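The next block holds one structure in the form of structure tokens; read it before the comments.
The values are calculated or read from the model by the stated rules, or taken from the named source; none is laboratory data. Please read all numbers here as calculations on a predicted model, not as lab measurements. Note that each Cβ is placed from the backbone with ideal geometry, even for glycine, and that neighbours are counted across all protein chains shown.
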Amino acid sequence: MRVLILGSGGREHALAWAVAYSPLLSKLYIAPGNPGTAELGENVPIRAADVPAVVKFCQEQSIDLVIPGPEAPLVAGVADALAAAGIACCGPSAAAARLEGSKAFAKEVADAAGIPTAEWAEFEDEEAAHEYVEEMGAPIVIKADGLAAGKGVVVAQTIEEAHGAIHAIMAERVHGAAGEKLVIEECLEGEEVSVFALCDGLEAVFLGCAADHKRVGDGDTGPNTGGMGAIAPPPWADGEVVDRAMAEIIRPALEEMVLRGTPFRGFLFAGLMLTAEGPKLIEFNVRFGDPECETLLPMLKSDLLPALVAATNGTLRGMELRWKDEASATVVMCSKGYPGAYATGGEIFGLEEAGSLPGVCIFHAGTMAEQESILANGGRVLAVNAVGEDLAEAIERAYAAVDTLDWADGFCRRDIGRRAV
């Protein structure tokens, strides 16, 4: 098979790593890719969200399967354009991608399907949003309706903080057009987990459960980020939690999307809060999480590529994925200043040595190659993963790899997985 992966981050490096050694694979392309993916396949200078260029390349290179990494090309309709050209894509249509593209739409689907979720309301008028917050009190959650690169959610602990978030999103447009509409919802209490499923429209196959660390600072302090690290499996999400998540959240969502005439295919990511009443939906994403992807795929024993093919052609029924009976931890290394302004261009030393440590995989998230050197070229730069017999060993191995690296401008959280062990 000739396969194209769309994206340039750590998730896409992990996807490339997972499919690169499949017996089904004959040629692997990554658009635009990064220095890590270049070691596994051929990088192509095409932006992931440049839908016409992606379709043209697939036609010219006789691509058999496209695997989108980020959400932007899916919301932009890349799966629809590829389908029109007769090219398989392991991702949802633009209509189905609204599960992530619009928080209000996702909540409407949840209510229609009877999926347990937080009480919520949507607003296009700023004054009405302020009045609602005054009525409901704090803590309360303020969300930009559209895509905001994982940074459009504010868990406001006070009324004042909620008012500030509403004004920043709706009036100051800190997230651009994503803030034209707001979703405001009750603040759920409990442990947060991410549950992943591979879907073919009707069927869903469990693809792992992880716990992300969103805030930039140790002890879950500071602003939200795209993800500072993850662990799998989280000890607070046992088999019963997973079974309930699949039965009460994932599969009802698939059924509702079929009823709406927009069946969902591809990776479905359910962000859940494990409340006293059971799992409740926080939000849906329509792609593999990042850094959860880098955390889960190193534990997969099965060949991923046949499952992705089955998801595109509706033949997932009866398919099971085999997993290592181990644990995994990922520490994300970032450029100093992230998620605010940060410098790029600093050289990273010790990658080969760190990557050769037991159980370690290093995925490139925001790097560039300059002759023989690897330089930082983003906010989140490396996803350092390690697998071990248990979480304690996985975490210890991941930080041993981090400490082997020499990067003057880099930093990371030092408490990934601490509560879990």
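Among the residues making up segment 52-76, those that are at pLDDT 95 or above, over 13 Å from Ile5 (Cα atoms) and in a helix (DSSP H, G or I) are Pro52, Ala53, Lys56, Gln59, Glu60. Tell me, yes or no, whether segment 230-247 has at least one residue that is in contact (Cβ under 8 Å) with a residue 40 or more places away in the chain and over 13 Å from Cys209 (Cα atoms). No, because not a single residue in segment 230-247 is in contact (Cβ under 8 Å) with a residue 40 or more places away in the chain and over 13 Å from Cys209 (Cα atoms).
Would you check which residues across segment 100-126 are touching a helix residue (DSSP H, G or I) at 6+ places or on another chain (Cβ under 6 Å), in a helix (DSSP H, G or I) and modelled with pLDDT of 95 or more and list them? If the condition is that a residue be touching a helix residue (DSSP H, G or I) at 6+ places or on another chain (Cβ under 6 Å), in a helix (DSSP H, G or I) and modelled with pLDDT of 95 or more, then Phe105, Ala106, Val109, Ala112, Ala113 are the ones that fit. Scan segment 37-56 residue by residue and report those that are free of Cβ contacts under 8 Å to residues at least 24 places away in the same chain and of a type in the set (A, V, I, L, M, F, W, C). Answer for segment 37-56, where residues must be free of Cβ contacts under 8 Å to residues at least 24 places away in the same chain and of a type in the set (A, V, I, L, M, F, W, C): Ile46, Ala53. Considering Glu320, Glu396, the condition of being touching a strand residue (DSSP E or B) at 6+ places or on another chain (Cβ under 8 Å), acidic (Asp, Glu) and without any contact (Cβ under 8 Å) to a residue 12 or more places away in the chain is satisfied by Glu396 alone.
Close Cβ contacts (under 7 Å, 6 or more residues apart or on different chains) running from residues in segment 359-374 that are closer than 10 Å to Ser8 by Cβ to residues that are in a strand (DSSP E or B) and not aliphatic (A, V, I, L, M) comprise Ala365/Arg380; Gly366/Arg380.
Taken together, the criteria place Arg380 among residues that are surrounded by 19 or more Cβ atoms within 10 Å (Cβ to Cβ), of a type in the set (Lys, Arg) and closer than 17 Å to Ser335 by Cα. If you go through segment 1-35 and keep only what is outside any helix (DSSP H, G or I) and touching a Ser or Thr at 6+ places or on another chain (Cβ under 7 Å), you end up with Met1, Arg2, Ile30, Pro32, Gly33, Asn34, Pro35. When restricted to residues that are assigned to a loop (DSSP other than H, G, I, E, B), among the β-branched types (Val, Ile, Thr) and in the same structural domain as Ala237 (by TED's automatic domain parsing), segment 156-203 contains 0.
Being assigned to a loop (DSSP other than H, G, I, E, B) and either buried (at least 21 other Cβ atoms within 10 Å of the Cβ) or not acidic (Asp, Glu) (or both) holds for only one residue in Met333, Met319, and it is Met319. Checked against the criteria, Lys280 does not count as surrounded by 17 or more Cβ atoms within 10 Å (Cβ to Cβ), within 19 Å of the chain's Cα centre (by Cα) and within 24 Å of Gly388 (Cα to Cα). Taking Glu372 and the conditions (1) modelled with pLDDT of 95 or more; (2) out of contact with any Cys (no Cβ under 7 Å at 6 or more places or on another chain), which numbered condition does it fall short on, given that it satisfies the others? Answer for Glu372: the failing condition is (1). Which ones in segment 281-310 are among the hydroxyl-bearing types (Ser, Thr, Tyr) and either at positive phi or free of Cβ contacts under 8 Å to residues at least 24 places away in the same chain (or both)? Within segment 281-310, Ser302 is the sole residue that qualifies. The residues in segment 339-380 that are assigned to a strand (DSSP E or B) and of a type in the set (Phe, Trp, Tyr) can be counted, and the count is 2. Inside segment 220-270, residues that are within 29 Å of Gly337 (Cβ to Cβ) and surrounded by fewer than 16 Cβ atoms within 10 Å (Cβ to Cβ) make up a count of 4.
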